[in-house]
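Beneath this line is the structure, given in structure tokens, with notes to follow.
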Amino acid sequence: MQGVTAKQIAELLGLSPSAVSLALNGKPGVSEATRAMVLSTAARMGYTRLEASPGSKTICFVRYAGTTIQIAEHTTFASFVLQGVEARATELGYGTQVRYLNAGDMFNPQILESLSSSNGIVFLGTDLTQAQLPELEHLLAALEKTPLVVVDSSLLCRRADCVINDGFGGAKAAGEYLLARGHRRMGYIQARQRIRNFLDREAGFREALAEAGAAAPVVIPVDISSEGAFRDFDAWLKGAACLPQALFAENDVLAAAAIRVLKKHGLGVPEDVSVMGFDDVPVCQMLDPPLTTVHAYKEELGAVAVDHLDRRVRRGEVPHAMTGVGLLKTSLSMTLIPRYSVSSPGD
């Protein structure tokens, strides 16, 4: 759908226009659930937000929703990346365009023309899988003069610049932290929807345990959505013969769902089981207890991506359309944030 407005989204969802505006702009004042619902609806409807004046240099932030994996819908991670894009773009003299695209849109000539009219593109790659690569190759072929940087995925690192978090290192640090607190019997809350980022986190966590000679974690597959994760973890817990000493979840949404289930069954966190998440989204500090997690520098992802684009624009470089131009792969380190959802056995 073309020409969708924030007002139309508000009417469809039964929300006030101000609430929709706060959600779309990544501002405080709405709940995590409302923000996720608004962003999901905006992506589905093909909403476009323009913040660039005519004739100005522009960077386009593209949020792409796949057909099967839509992890970005269930977290506010993307909103913080966008804040970083907008802030750094403004500092460098660029306006910002925001496009919410669905699978198949890359074959639409009008959309391709619109994207190629910007000076550069920051492409949120959270949901990318091998299945989307043919469509993305079609996009790159159409962007003959427009550089593109992929954020939060290394899947296209051989075709475009990319900026990612060190998920492997962050999850390994999480495993080492739980081990240092005395935990040996671990559970790993694994999203059923597998993306490169989750594979990296699982590999890092497993390496930490292997290096310490600890047993491999019990894998608990759950849906990526908050309610789906609650349902799946609840079903697992009802049939579990032995509760792990500590649970590590692939993101904070899954960790929050696990805490809700544990409380439903009368189990204390961290008294009966420690719980740890990943990403450090705002909900972490609102949970009871506040969630121990691994902090991702979300705004910095967007800012670094804009720096890369600005460098390409100034040099007249479009790496995916040129030979002899080295690609940039930037990995940001992550920081472990201890709070109150992890304790040592026996505390």
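Read-outs throughout are calculated quantities, based only on the coordinates presented, and are distinct from any laboratory measurement. Everything numeric here is computed off the predicted structure, so don't read it as measured data. Neighbour counts are summed over all protein chains in view; Cβ atoms, including those assigned to glycine, are modelled from backbone coordinates with ideal geometry.
What the phi angles of segment 5-15 give under the Karplus curve with 6.51, -1.76 and 1.60, with θ = phi - 60°, is a coupling list of 10, 4, 4, 5, 5, 4, 5, 5, 8, x, 10 Hz, glycine and proline written as x.
Remark on PHE61: its backbone amide H falls under 5 Å from those of GLN97, VAL98, ARG99, VAL122, a criterion applied only to residues 5 or more positions apart or on other chains, H modelled at 1.01 Å from N.
Computed packing ranks the peptides 223-230, 306-313 as 306-313, 223-230, most packed first, by mean other Cβ atoms within 10 Å. Within segment 177-195, whose backbone N sits under 19 Å from a point 7 Å along Cα→Cβ of ALA212? From segment 177-195, the list is 177-190. For segment 167-296, the equivalent ellipsoid built from the Cα gyration tensor has semi-axes of 19, 16, 15 Å, listed from largest to smallest.
Ranked by the mean number of other Cβ atoms within 10 Å of their residues, highest first, the peptides 86-92, 13-19, 250-256 fall in the order 250-256, 86-92, 13-19. Other residues within the sphere of radius under 10 Å centred on the Cβ of ALA212, judged by their own Cβ, net out at -2 (K and R +1, D and E -1). Here the sum of -39500 (n - 2.57) over DSSP H runs of 4 or more residues, divided by the residues of the chain, equals -12500 deg cm²/dmol at 222 nm, to the nearest 500.
For the peptides 240-246, 143-149, the ranking by packing is 143-149, 240-246, with the highest mean count of neighbouring Cβ atoms within 10 Å listed first.
Counting every alpha-carbon pair across the chain, the share separated by more than 34 Å comes to 27%. Here segment 98-221 is treated as a sphere whose radius is the Kirkwood value from Cα pairs; by Stokes-Einstein at 10 °C and 1.306 mPa s it diffuses with a coefficient of 96 µm²/s. In this structure the amide hydrogen of LEU247, modeled in the peptide plane, comes within under 5 Å of the amide hydrogens of GLY187, SER274, VAL275, MET276, none closer than 5 places in sequence on its chain. Evaluating 6.51 cos²θ - 1.76 cosθ + 1.60 at θ = phi - 60° for every residue in segment 252-263, the Karplus couplings come out as 5, 4, 5, 5, 5, 5, 5, 4, 4, 5, 4, 5 Hz, glycine and proline recorded as x. Two decimals is fine: what's Rg over Rh for segment 95-145, C-alpha atoms, Kirkwood radius as Rh? Reported Rg/Rh (Cα atoms, Kirkwood Rh): 0.92. Of all lysines in the structure, those lying under 24 Å Cα to Cα from LYS7, and not within fewer than 8 positions of it along the same chain, are LYS27.
Dipole size of segment 167-296 about its Cα centre, with +1 on Lys/Arg Cβ and -1 on Asp/Glu Cβ: approximately 300 debye, rounded to the nearest 20.
The residues packed around TYR64, meaning those with a beta-carbon under 10 Å from its beta-carbon, carry a net charge of -1 if Lys and Arg are +1 and Asp and Glu are -1. Under 5 Å from the amide H of SER341 lie the amide H atoms of THR292, each residue being 5 or more positions distant or on a separate chain, with H modelled from the backbone and absent for Pro and chain starts.
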